[in-house]
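A quick write-up on the structure given underneath.
What follows draws every value from the coordinates through simple rules; no lab data is involved. For clarity, every value in this text was computed on a predicted model and none was experimentally measured. Quick reminder, even Gly has a Cβ in these numbers, built from the backbone with ideal geometry, and neighbours come from all protein chains shown.
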Amino acid sequence: MERPGMRQSGFCQFLSLADEIILAVIERVDQSKDLCRLARTCGRFQALVEPYIYRSVLIRTGAEAECLATSLDRRPSRTLDIQHFEVRYIHKVVVDDTGILQSDNESGIENVDRILPHLRNLRHLTIESPCINNNPWRGDEMIPWRSGCRVRYTPLFRAASQATSLDVPSNGPLLFNKLQTVVLHTHGNTQKFELGDDAVIFLHPTLQNLTISCSDITNRMSLPPPVENIEKTTALRSLTFIECNINAIALGTILRYPRALKEINLGERIHHFHDSPTKPLVHYHREFMHALYQQHESLEYIRNVGRRRWRPDPSQLGRITLRDFENLRCLALDPKSILISHLTTNGAPKSLQTLRLFSDYVHCFNPPARSLPHRGRAEWKELLKITDRMRHVRQVDIVLAQTFADGILQSRGYKMEDLYRIWQAKERRQDVYRFAFALKDQGRAFKLYAEHFQGGEIFIPPFLYGEDTPIEHVIYDSEEPYVFNTPSRQKHQREADQNDRGLDENEVEDEVIVLGLTG
């Protein structure tokens with residue numbers, strides 16, 4: 001039987017341990033609530049635990065922002081513990097006593113403005129305000145848009161880019177001088193999509209990773225002329241645009257600043273609900289290539305999801321080619337990318353190791369695919385044409401991506417069990433074999449992926465807080481040439497598929513199982 005005081009005695013023994021041992025235990029505690037309970041036990045534990053409690057902070061509502069601001073006011077030293085700060089609030093419709101629609105989440109978010117200037121050790125910052133493309137601003141119950149971002153972060157970035165402090169003691173450290181990663185998804189009340197003054201973030205001296213979504217990247221950005229003293233000066237290594245209208249000239253201005261950009265992800269606007277102020281990059285393909293060329297010595301990864309499929313005459317492509325990017329390791333493209341034309345016309349640099357192709361290449365998930373095997377075979381032939389120009393590329397991936405499929409917003413996507421049924425059709429397997437064996441004969445590898453949302457509900461980029469993100473499932477791997485990854489991992493042996501390396505055009509095809517969108 002446990003004697004009175006035994007539990008207290010054990011606690012006292014724990015208190016007698018050195019701080020280093022106690023900190024090693026604290027580092028293994030994952031739950032913030034458990035850390036808070038431990039901090040309440042005594043003053044010593046509070047001093048040891050608080051840096052871990054405040055190291056990573058997530059704000060979801062105005063009430064949480066006000067609570068955090070009060071806590072930091074009581075003990076300002078806590079601001080030095082915050083390294084990872086996320087403000088990801090949503091619009092929640094409520095009706096007050098007068099029948100006026102209001103939000104109980106947004107009011108009070110302005111308290112973040114009191115907090116940000118004092119986060120001297122901040123490394124990672126995310127600001128995610130309500131998305132105008134979501135309800136209740138779309139559909140049958142549209143309400144006026146009044147939910148522009150309430151966090152005034154632009155003056156802080158301007159101060160940081162000018163290497164000055166803002167509203168802080170003159171002997172204090174420079175603002176955001178340790179910031180490494182920023183993720184922005186915000187809208188204004190009047191200029192709902194225009195990046196505008198926020199473009200000053202491209203001048204930030206320490207920022208290494210930047211993600212911007214649902215913005216118009218145009219020549220109306222507020223940036224100084226790219227003169228010599230600020231060209232090639234920023235630390236930016238990774239730049240990502242998600243669901244953005246991107247002007248090629250504006251992109252050229254942005255890419256003058258980084259010293260050595262390693263990765264660029266150009267996700268053009270697909271699921272947009274407003275008129276674009278600029279044409280797709282494919283319409284200004286020469287300016288687009290010139291913009292990328294400014295980082296041709298350092299770029300290792302390029303991803304481009306295009307907005308419109310158009311193939312210019314090869315003679316119009318200009319003198320800059322992908323072969324000029326001598327350190328490029330991976331290309332990830334969808335069929336609408338102008339870079340596909342460059343691949344088929346001029347090939348790829350010898351440094352390229354991996355080619356990833358997204359979306360409706362061999363895509364049987366959208367309604368127009370009713371004529372599938374002919375449509376599918378034409379696409380497989382185009383893929384062979386692309387890959388034949390770059391036999392030095394060791395890995396080729398095809399990703400059947402739900403988020404880019406036509407009509408995806410009117411559907412619930414496809415179910416994985418339906419996806420598996422495709423490979424019951426012999427001609428579907430033959431298409432895969434023909435492509436895979438052609439690569440394998442050249443000593444190259446091939447994988448076929450399918451994008452899937454585990455929760456069953458489809459979301460479109462950018463994936464905001466609480467939304468399911470797609471996972472890539474391997475359907476076929478050329479290392480196991482007669483295995484498709486169905487639940488039973490059904491093997492189609494060479495005896496059954498002996499003609500899969502080539503189909504006689506006069507051969508009578510089996511019935512094709514076509515997967516349409518479920519909805």
* Burial ranking of peptide ranges 309-321, 335-347 (average Cβ count within 10 Å, highest at the top) -> 335-347, 309-321
* Amide H neighbours of LEU357 under 5 Å, at least 5 residues apart or on other chains, H built in the peptide plane: list them. => LEU333, ASP397, ILE398, VAL399
* **Equivalent ellipsoid semi-axes, the range 152-352, via Cα gyration tensor eigenvalues times 5, rooted, Å** => 31, 20, 13
